[in-house]
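Written below as structure tokens is the structure these notes are about.
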Amino acid sequence: MKKYLSQHPYATTSAIFIVLIVLGLVALNWRKDDFSFLLLLYFIVTLGIRLDEISRQIGAAQGRSASLADQQEEIVTLMQQMHTGLGETNRTLEQIRSALQQTRES
């Protein structure tokens, strides 16, 4: 059960809040304000879960100890990917610019 909760935190949270909504609707005669507050709580809890995942990923990344050469190679690879992506973006923007100029001239 604990493994399921840790693997599917969003599904578990959603199920709990759906049960609360149905209980509020059927048994507690909640109004629109009560459901709005529950929705706000749902978003806050979901945001907390996401921030927890992010902090775990950051902690795992800091826990890895790689050699300086490996880090430098990784940085060079990332920079090359960025350069390629920027080149593609520039070509796309140039195509858009020329298409806009052609439509303005027409």
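How big is the Kirkwood radius of the range 67-106, worked out from every pair of different alpha carbons and given in Å to one decimal?
It is 12.3 Å.
Label R91 and S106 with points 7 Å out from Cα along Cα→Cβ: what is the distance between them in nm?
The modelled label-to-label distance comes out at 2.4 nm.
Gain in length, D70 to T84, computed as 0.36 nm per residue apart minus the alpha-carbon separation, to one decimal in nm?
The D70-T84 span can extend by a further 2.9 nm.
Please give the length that would be gained between K32 and D52 if that part of the chain were fully extended, namely 0.36 nm times their separation in residues minus their C-alpha to C-alpha distance (nm, one decimal).
4.2 nm
Stretch V19-K2 to full length: gain in nm at 0.36 nm per residue minus the Cα-Cα span?
4.2 nm
Nearest 500 deg cm²/dmol is fine: what mean residue ellipticity at 222 nm does the chain get from its DSSP H runs of n ≥ 4 alone, each adding -39,500 (n - 2.57), divided by its residue count?
Dividing the helical sum by the residues of the chain leaves -31000 deg cm²/dmol.
Kirkwood Rh and Cα-based Rg: tell me the resulting Rg over Rh for the chain, rounded to two decimals.
My calculation puts Rg/Rh at 1.27.
Every number here is computed from the coordinates shown, using simple stated rules; none is lab data. All of these numbers come straight from a predicted model, not from anything done at the bench. Heads up, the Cβs are rebuilt from the backbone with ideal geometry, glycines too, and the neighbour counts pull from every protein chain shown.
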